[in-house]
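**Student:** Have a look at the structure that comes next, please.
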Amino acid sequence: MNYDCLIVGGGIAGLQAAIQLGRYKHKVLVLDSNDGRSVICKNYHNILGYPDGVSGPELRELGKKHAESLGVEFVHEKVEQAEKADGGFVVSAESGNKYSGKRILLATGVMDRMPPFPELMPCLGISVYVCPDCDGYEVKDKRTIVLGSGNAGANMALTLSYWTNDLVFINHEKKVPDQEFLEKMREENIEYVEETIEKVLADDDKFKGVRLENGKEITGDRGFIAFGGNEIKSGLAKQLGVERLENKHILTDPRSKMTSVQNVWAAGDVAAHSEQVTIAMGEGAQAAIWIHKSLLQDKN
């Protein structure tokens with residue numbers, strides 16, 4: 001079956017685009033590997049209409065039901081390859097299945113480099129965070145521990161000093177930050193610990209602190225993760241010849257969200273300068289509007 005549009009990625013940007021395209025009565029398929037940021041976040045706090053927050057899984061489920069009510073189809077597939085074919089595109093999944101479409105929207109997202117502490121997972125979005133723009137407010141005047149590495153962790157600690165004066169940066173990987181960061185942390189009275197973390201201390205979704213490899217426990221009310229080296233999931237864009245930045249984020253036209261390759265769009269965290277749920281929603285809708293316009297042009 002040849003779809004009007006293939007959407008790779010069933011996160012927030014992909015779902016918003018699917019809803020918009022469904023309302024245009026287009027035949028749309030969302031291919032979702034179900035392993036994105038929105039799958040693991042237990043609470044988003046800065047979204048219009050949700051003053052008490054909403055979890056990523058809940059938002060995803062609402063979006064999927066909405067899109068399905070408009071005729072959008074979903075498959076649980078991890079796409080490994082994308083190529084141009086017969087005036088459109090064909091994607092190949094890990095399962096061996098192939099799907100074709102006239103247009104393609106890449107909403108494949110980003111995944112943070114997470115340390116291997118299972119206790120962190122229930123806390124994400126509730127008492128442990130990754131984005132200061134989303135959740136810096138949540139650590140306001142609270143004792144906060146930054147679990148991180150090198151410059152990325154030091155920069156996070158300095159960023160959070162806007163919200164709280166009680167900060168500890170634990171440099172788990174012992175990559176020494178630049179001297180400039182060390183001096184600024186001293187100026188801001190940020191405690192700096194260069195030790196390996198042995199275990200994260202948590203009571204279900206309530207972060208309590210960490211135990212270091214030397215046996216010392218450092219307690220805190222909130223945690224932030226900042227290891228750097230996040231995975232930008234733009235490999236499919238590279239296969240299609242799409243222009244990317246050096247950091248692998250996809251460049252798009254600011255008006256239409258189309259990439260440098262005709263009929264290939266990108267939206268959400270995988271695109272340049274996004275990494276916000278609310279922006280991902282807007283980009284998804286914006287891309288869908290212009291995908292619709294391009295499909296109309298084919299008929300005229």
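The values are calculated or read from the model by the stated rules, or taken from the named source; none is laboratory data. Source: prediction; values computed, not measured. Backbone-built Cβ (ideal geometry, glycine too); neighbour counts: all protein chains shown. Heads up: the accessible areas ignore ligands, DNA and RNA and are worked out on the full protein's heavy atoms, side chains in. Shrake-Rupley method; radii C 1.70, N 1.55, O 1.52, S 1.80 Å.
**Student:** At q = 0.14, 0.16, 0.17, 0.19 Å⁻¹, what is the base-10 log of I(q)/I(0) for segment 161-203 according to the Debye formula with one equal point scatterer per Cα and no solvent? Please give it to two decimals.
**Tutor:** Scattering profile of segment 161-203, log10 relative to I(0): -0.38, -0.49, -0.55, -0.66.
**Student:** Give the calculated FRET efficiency between LYS199 and ASP253 to the nearest 0.05, with a Förster radius of 45 Å applied to their Cβ-Cβ distance. Walk me through the numbers on the way to the answer.
**Tutor:** Details: r = 47 Å, r/R0 = 1.05.
The calculated FRET efficiency here is 0.45.
**Student:** I need to check one value: relative contact order of segment 107-262, counting alpha carbon pairs closer than 8 Å and at least 6 residues apart, in percent. List each step's numbers first, then the result.
**Tutor:** On the way: 307 pairs, mean separation 42.1, N = 156.
Rounded, it is 27 percent for segment 107-262.
**Student:** Residues of segment 211-233 with amide nitrogen under 19 Å from the 7 Å Cα-to-Cβ point of ARG113?
**Tutor:** 224-233
**Student:** Could you sort 213-221, 226-234, 267-275, 242-250 so that the peptide with the highest average Cβ count within 10 Å comes first and the rest follow in order?
**Tutor:** The densest-packed peptide leads the list: 267-275, 226-234, 242-250, 213-221.
**Student:** Please compute the Cα-Cα pair-distance distribution of segment 126-240 with 10 Å bins starting at 0, giving whole percents from short to long.
**Tutor:** 14, 45, 29, 8, 3, 0
**Student:** Among residues other than GLU61 whose Cβ falls under 15 Å from its Cβ, what is the net charge (Lys/Arg +1, Asp/Glu -1)?
**Tutor:** Numbers: positive: LYS42, ARG60, LYS64, LYS65; negative: ASP32, GLU58, GLU68.
Charge balance near GLU61 sits at +1.
**Student:** Starting from the Cα of GLU187, step 7 Å along the direction of its Cβ; do the same at ARG23; then give the gap between the two resulting points in nm.
**Tutor:** The two pseudo-label positions are separated by 4.8 nm.
**Student:** Report the semi-axes of the equivalent ellipsoid for segment 134-190 in whole Å, largest first, where each axis is √(5λ) for an eigenvalue λ of the Cα gyration tensor. Don't jump to the answer; show the numbers that get you there.
**Tutor:** Numbers: eigenvalues 67, 29, 16 Å².
In descending order the semi-axes read 18, 12, 9 Å.
**Student:** Relative contact order for the chain: what percent, with Cα pairs under 8 Å and sequence separation of 6 or more? If you can, show how the numbers build up before the last one.
**Tutor:** Values: 691 pairs, mean separation 60.8, N = 300.
Relative contact order, the chain: 20 percent.
**Student:** What Cys residues in the chain have no fellow cysteine's beta-carbon under 4.7 angstrom?
**Tutor:** Flagged as lacking a Cys partner: CYS5, CYS41, CYS123.
**Student:** Over all directions, average the projected area of the Cα convex hull of segment 51-179 and note it in nm².
**Tutor:** Details: hull surface 48.9 nm².
Spelled out: convex hull of the Cα atoms, projected over all directions, averaged, 12.2 nm².
**Student:** Separation between the GLU83 and LYS293 pseudo-spin-labels, each 7 Å from Cα along Cα→Cβ, expressed in nm?
**Tutor:** 3.2
**Student:** Does segment 1-118 come out rounded, prolate or oblate by the C-alpha gyration tensor, with a ≥ b ≥ c the root eigenvalues, rounded set by a/c under 1.5 and, if not, prolate when a/b is larger than b/c and oblate if not?
**Tutor:** Details: a/c = 2.58, a/b = 1.41, b/c = 1.84.
Oblate.
**Student:** While we're on this one: When the accessible area of segment 150-300 is split by element with a 1.4 Å probe, what percent falls to carbon and sulfur? Show your work: numbers first, answer last.
**Tutor:** Values: 3350 of 7690 Å².
Its accessible area is 44 percent carbon and sulfur atoms.
**Student:** Another one. Tell me, what is the per residue accessible area of segment 29-79 in Å², probe radius 1.4 Å?
**Tutor:** Values: 2650 Å² over 51 residues.
Computed with neighbouring chains in place, this is 52 Å² per residue.
**Student:** What net charge do the residues around LEU160 carry, taking every other residue with its C-beta under 15 Å from that of LEU160, with Lys and Arg at +1 and Asp and Glu at -1?
**Tutor:** Values: positive: LYS140, LYS142, ARG143, LYS184, ARG222; negative: ASP133, ASP135, GLU138, ASP141, ASP166, GLU187, GLU188, GLU191, ASP221.
That works out to -4.
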